[in-house]
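Read through the structure below, which is laid out as structure tokens, and then see the notes.
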């Protein structure tokens, strides 16, 4: 259990730093649309769909690496809590339509990106299996 915590924690540390760096590099304007958080979350959905599809079918990716990258890094890189706070901030600023757009883009965009990641992972797995046969 202790070893697993170290892998998740190390990945979480790296994911948090990456998210912080990106959101600092392209901050949302005061009261404006949180574009960078949306892009971070969509990228995380795409990546996790791809990584878990490839990682679960690959014996070359260890359980520790899955914890480090899938749970730790991606879990802390993406941020549901910031999404919800940004949505509330938009509503409180009288931007109900923008908040609704943010919710729809985040939710449906996230699902689509995850599906695309899974599709991409399956395509890559099929290609590798075809090459090794």
Roughly how many nanometres apart are two label points built 7 Å out from the Cα toward the Cβ at residue 92 and residue 64? 4.4
Taking the Cα atoms only, what angle lies between the long axis of helix 80-92 and the longest principal axis of the chain, rounded to 10 degrees? 20
Label residue 107 and residue 127 with points 7 Å out from Cα along Cα→Cβ: what is the distance between them in nm? 3.4
Quick one: helix 35-57 against the long Cα principal axis of the chain, what's the angle to the nearest 10°, folded into 0 to 90? 20
What's the angle, to the nearest 10 degrees (0 to 90), between helix 96-132's Cα axis and the longest principal axis of the chain? 10
With n ≥ 4 as the cut-off for DSSP H runs, can you work out [θ] at 222 nm for the chain, using -39500 (n - 2.57) per run divided by the number of residues, rounded to the nearest 500? -26000 deg cm²/dmol
For region 2-132, restrict the atom set to alpha-carbon positions and state the Rg and Dmax in Å. 16.8, 57
GNM, the chain, Cα, under 10 Å: largest mean-square fluctuation among 121, 75, 94? 94
Over the residues of region 1-58, compute the C-alpha Rg and express it relative to 2.2 N^0.38 Å. 1.42
Three-way shape label, region 43-101, alpha-carbon gyration tensor, a/c 1.5: prolate
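FYI, it's all coordinate maths here, none of it is from the lab. Small disclaimer: the values here were computed from a predicted structure and weren't measured. Heads up, the Cβs are rebuilt from the backbone with ideal geometry, glycines too, and the neighbour counts pull from every protein chain shown.
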